[in-house]
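Q: Below is the structure I would like to discuss, written out as structure tokens.
Readers should treat all values here as calculations from the given coordinates under stated rules, not as data from a laboratory. No experiment lies behind these values; they were computed from the predicted model shown. When we count neighbours, we look across all protein chains shown, and the Cβ atoms used for this are built from the backbone with ideal geometry, even at glycine.
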Amino acid sequence: MHDTQTQPEVVALLQREIERVLESPERSGAGRRLKTPRSPRGGWRIAAVAAGCAIVLFVVGAVIRQGDRTPGAEAALADVARKIELAPQPRPDQFVYTKSRDEQLSPTPAGIDALGRPSEEFLSSRVGSHESWISTERKGRLAWQFDLPTYPTPRDAEIGKRFWRSIDESNAIQSDPNRHDDRLAVNRRIQQYERKTGITGIAMPAPVERETGVMMPSNGIFIGSEHIPTAKIAEYPRDPAEIYRRVRAGAERRAKDMHKFAVEHPEQADLVETDPDLEVWRTLTNPTGTQEIPAPADLRAAMVKALALIPDVKAVGERTDPKGRTGPAFEWNHHGVRETVIYDAQTSAMLNATSILTDPSAHPIAAFHRLSPGTKIYEYQLIEQKTLDKLPPRR
Amino acid sequence: MAMTNDDISNLYEQTAPDLLRYLARRTLDPQAAVDLLAETFAVICRDRRRYRGRPEAARVWAFGIAENLLKGFYRSGKIERRAIERMGMVVPPMSSGDFERIEAMAGTESLRAAVAEALDGLNDAQRLAIQMRVVEERSYSEIAELLKLEEQVVRARVSRGLKRLRLVIENDFENEVIEYA
């Protein structure tokens, strides 16, 4: 006899259910031909090791993942947020130094026909390195450099390189790290491209071997499409639900504008993305807005918690980033893309964020449909972050 | 002789607690263990007219069914429910105390702790390789590229790490060998 007092209730309940099923003639299987089970042998030992490798892999994986103890996204994000607020905060006279790298794959029309439609296009990744030294009062310095773009296929490389050579490079502007108007230089190049091609808003700067700019940081932060001046940051809500509502409302307005743009410019309709939740995800995981320009810890923490309000965001336990750093990770799948973000286990700094194509044919940008599943379309990597007592001399 | 309703009911009473413990230790998941137990007995109900062994040997048969279902679970990560659905069985929900009781009777905490301790005993390189291979399910070539190592080195790290962990798990499961008269 088993000690029913220590037995889980469900064992007895299941027995009653089995007996109910057996008593029910329509479920008894009478008259149906069934596969004959193997005859069991009596008197032999079933050793647990007979299941071999599968058990070891499963048990080890379950222990590392903590099995059914992995918290839901909301609880896990709350834990990440808590560590943001517990991490040491910079004094107003200090500067947060951040070094990071990102790459973004996007399509570029390589030519237009007489009707303004793209006649050819290529995909390339703009690879950028960034350094910033910024105080909580938004003083400091930003530096960035773009390397030559990379291409996902040889065909894209051939078209892309031919395209860039055809842009008038006699106007290429060499950057001077000590100038403060290099943003103008980049914009001037974009305007030149727009004049030549008639296509707006999609161009990237023509690559030179290195392009370095230095500019003064802005006098506030962007959260979504909303610019919050430094003096108003304290008034911005700290309630995750209110942040989500506000960011999403801005994203919905922008989605309507993008949709209108796509209707008015059908030749570029394939190049725009209009999902408001995607913009919310990008805003709440935006490294510039959340950690490189130091927003107050309670605001950053609230933005992390707001991620849980995007439907289907999942906690996926610990993940390792390309630099070998392991921390809590979260995923969100949408439109054939898997977004993943990994946070530092101690400080909750965002270590890595990626967008990986899982189903290229489901992506709204038609140019991605020919890519293979597993293609990376975006990556952000935090390389280094530390607090400095003063700005280093300009290089 | 085919199993009668009473035979199955008796089999359940005698076998279910051991079977549940067996399944819970191999899934580390009380809910999965209950679902697998239910599917095991749904199969037994469905196939009872074909059973030709002695009633006392049915226990071995039950464990054999459970082991096959476990293999399917390891392969696919999903629990087979064909027999449950075919028999119209409704798996009862677990009560709030069931979770802890199943963990306690199965001793899964001690198994987890033993494996976790063994994991801590691995060197950092082996632990990272196992994390990336077993948990993140990356291929060996992907891990090699990320860690800037030869693929052979990655395979060796995973293999050596798992060998050490296997000893812990096999040692623990040795205590559960199930004997039949």
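Q: Using the Karplus curve 6.51 cos²θ - 1.76 cosθ + 1.60 with θ = phi - 60°, work out ³J(HN,Hα) for each residue of region A:372-384 in order, rounded to whole Hz, and write x for Gly and Pro.
A: Result, ordered by residue: 8, x, x, 5, 8, 10, 7, 8, 10, 10, 7, 9, 8 Hz.
Q: Now a separate question. So what J values fall out for region A:347-353 if you push phi through Karplus, 6.51 cos²θ - 1.76 cosθ + 1.60 with θ = phi - 60°, rounded to Hz, Gly and Pro as x?
A: Each residue's phi maps through the Karplus curve to give 9, 6, 4, 7, 7, 7, 9 Hz.
Q: Quote the charge dipole size of region B:46-181 about the Cα centre in Debye, to the nearest 20; the model charges only the Cβ of Lys and Arg (+1) and of Asp and Glu (-1). Walk me through the numbers before you get to the answer.
A: On the way: 25 positive and 23 negative charges, 187 e Å.
Taking the Cα centre of region B:46-181 as origin, the dipole is about 900 debye.
Q: In region B:1-96, if every C-alpha pair distance is counted and binned at 10 Å from zero, what percent goes to each bin?
A: Binned Cα distances yield the sequence 16, 51, 29, 3, 0.
Q: Now, a different point. Spin-label point model (7 Å from Cα, Cβ direction): what's the B:ALA104 to A:GLN89 distance in nm?
A: Using points 7 Å along Cα→Cβ, the separation is 4.5 nm.
Q: How far apart, in nanometres, would the label points at B:ASN171 and A:GLU137 be if each is projected 7 angstrom from Cα along the Cα-to-Cβ direction?
A: Rounded to a tenth, the inter-label distance reads 6.1 nm.
Q: Follow-up question, since we're still on this one. What relative contact order, as a whole-number percentage, does region B:11-130 give when Cα pairs under 8 Å and 6 or more residues apart are counted? Intermediate values should be presented prior to the final figure.
A: Working: 83 pairs, mean separation 40.7, N = 120.
Computed value for region B:11-130: 34 percent relative contact order.
Q: While we're looking at this one, here's another question. Under the rule of at least 5 residues apart or a separate chain, name every residue whose amide H is placed under 5 Å from the amide H of A:ALA349.
A: HN-HN under 5 Å from A:ALA349: A:ASP344.
Q: Can I get the semi-axes of region A:329-395's equivalent ellipsoid? Compute them from the C-alpha gyration tensor as square roots of 5 times the eigenvalues, in angstrom, largest first. List each step's numbers first, then the result.
A: Values: eigenvalues 222, 47, 11 Å².
Those come to 33, 15, 7 Å.
Q: What FRET efficiency, computed as 1/(1 + (r/R0)^6) with R0 = 41 Å and r the Cβ-Cβ distance, is obtained for A:ARG245 and B:ALA113, rounded to the nearest 0.05? Could you put the intermediate results ahead of the total?
A: On the way: r = 44 Å, r/R0 = 1.07.
With a Förster radius of 41 Å, E is 0.40.
Q: If a helix is a whole DSSP H run, which ones in chain B reach 20 Å or further along their own axis (Cα) and hold a mean Kyte-Doolittle hydropathy of at least 0.0? Intermediate values should be presented prior to the final figure.
A: On the way: long enough: B:5-27 (29 Å, -0.92); B:30-47 (25 Å, 0.68); B:58-76 (27 Å, 0.19); B:151-174 (34 Å, -0.47).
In chain B, the long hydrophobic H runs are B:30-47, B:58-76.
Q: Describe numerically, in nm with one decimal, the distance between label points set 7 Å from Cα along Cα→Cβ at A:GLU19 and at A:GLU235.
A: Rounded to a tenth, the inter-label distance reads 7.0 nm.
Q: Continuing with this model, one more query. For a quick check, take a GNM of chain B with Cα springs below 10 Å and name the residue from B:ASP120, B:ASP35, B:ASP18 with the largest mean-square fluctuation.
A: B:ASP120
Q: Would you list which lysines come within 25 Å of A:LYS386, measuring only between C-alpha atoms, while excluding same-chain residues fewer than 8 positions from it?
A: Leaving aside lysines fewer than 8 places away in the same chain, those within reach of A:LYS386 are A:LYS83, A:LYS99, A:LYS139, A:LYS305, A:LYS323.
Q: To continue, here is another question. For A:GLU121, enumerate residues with amide H under 5 Å from its amide H, sequence gap 5+ or separate chain, H modeled in the peptide plane.
A: A:ALA110
Q: At 37 °C and 0.692 mPa s, grab the translational diffusion coefficient of region B:23-181 from Stokes-Einstein with a Kirkwood Rh over Cα pairs, rounded to a whole number in µm² per second. Each step should come with its number before you reach the end.
A: Numbers: Rh = 18.3 Å.
Roughly 180 µm²/s, to the nearest whole number.
Q: If you build the convex hull over the alpha carbons only and average its shadow over all orientations, what do you get for region A:271-350? Give it in nm² to one decimal.
A: 6.0 nm²
Q: Using only alpha carbon pairs under 8 Å that are at least six residues apart, calculate the relative contact order of region A:310-395 and give it in whole percent.
A: On the way: 158 pairs, mean separation 16.7, N = 86.
Relative contact order comes out at 19 percent.
Q: Give the cross-link partners of B:LYS71 among the lysines, using a straight C-alpha distance below 28 Å as the criterion and excluding same-chain residues fewer than 8 apart.
A: Hits, sequence-local ones excluded: A:LYS35, A:LYS314, B:LYS163.
Q: Using modelled backbone amide H atoms (1.01 Å from N, in-plane), which distant-in-sequence or interchain residues come within less than 5 Å of B:ARG81's amide H?
A: none
Q: Of the options B:SER9, B:ILE65, B:LEU37, report the single residue whose Cα projects farthest towards the positive end of the charge dipole of chain B (beta-carbon charges: Lys, Arg +1; Asp, Glu -1).
A: B:ILE65
Q: Set the Förster distance to 30 Å, then compute FRET efficiency between B:ASN5 and B:SER76 from the Cβ-Cβ distance, nearest 0.05. Kindly include the intermediate steps, with their values, before the conclusion.
A: Numbers: r = 32 Å, r/R0 = 1.06.
My answer for the efficiency is 0.40.
Q: Please compute the length gained on full extension between B:SER159 and B:GLU142, using 0.36 nm multiplied by the number of residues separating them and subtracting their Cα-Cα distance.
A: Working: separation 17, 0.36 × 17 = 6.12 nm, distance 1.64 nm.
The span from B:SER159 to B:GLU142 would gain 4.5 nm if fully extended.
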